[in-house]
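Comments concern the structure below.
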Amino acid sequence: MRFMLKAVMDTEKANAVSRAGALGKTIQSIVAELKPEAAYFTDDHGKRTAYVFFEMRDASQIPAVAEPWFLALNAHIEIHAVMVADDLAKAGPSIEQAAKKYAA
């Protein structure tokens, strides 16, 4: 199943890692372990932020996904299941069925 990880890095911790010359290497290492479909880097409310899209088969994988961000960058993590257009198309009948049953 496809997931999106949002990692908002603690500024003080990320600055310390950056001053040590290891920020890029640290982020690259963490992201590479996920073998992502895509990874984007931006800011969120003025903090370094990563959005990483990857496959996860089982909820037991969550600690392996989250812990590197927590430990290396004191990051705030969110993990959400996401869909691409094909997934949404497959969900169409379920959406229509729910609409018929629950729409007022």
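Here are the numbers:
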read-out: Flag if P36 is of a type outside the set (A, V, I, L, M, F, W, C) and in a loop (DSSP other than H, G, I, E, B); value: yes
read-out: Segment 39-59: number of residues that are within 15 Å of A75 (Cβ to Cβ) and either in a helix (DSSP H, G or I) or not aromatic (F, W, Y) (or both); value: 11
read-out: Flag for T49 being surrounded by 14 or more Cβ atoms within 10 Å (Cβ to Cβ), at pLDDT 95 or above, closer than 15 Å to K6 by Cα and not charged (D, E, K, R); value: yes
read-out: Tally, over segment 13-44, of residues that are in contact with a strand residue (DSSP E or B) (Cβ under 8 Å, 6 or more places away or on another chain) and not β-branched (V, I, T); value: 11
read-out: Residue in segment 1-10 that is out of contact with any strand residue (DSSP E or B) (no Cβ under 9 Å at 6 or more places or on another chain) and aromatic (F, W, Y) present; value: no
read-out: Candidates I62, I77, I95, filtered to the one that is surrounded by 14 or more Cβ atoms within 10 Å (Cβ to Cβ) and either more than 11 Å from the chain's Cα centre (by Cα) or part of a helix (DSSP H, G or I) (or both); value: I62
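The values are calculated or read from the model by the stated rules, or taken from the named source; none is laboratory data. In this text the structure is predicted, and so the values were computed from the model without any measurement. Note that each Cβ is placed from the backbone with ideal geometry, even for glycine, and that neighbours are counted across all protein chains shown.
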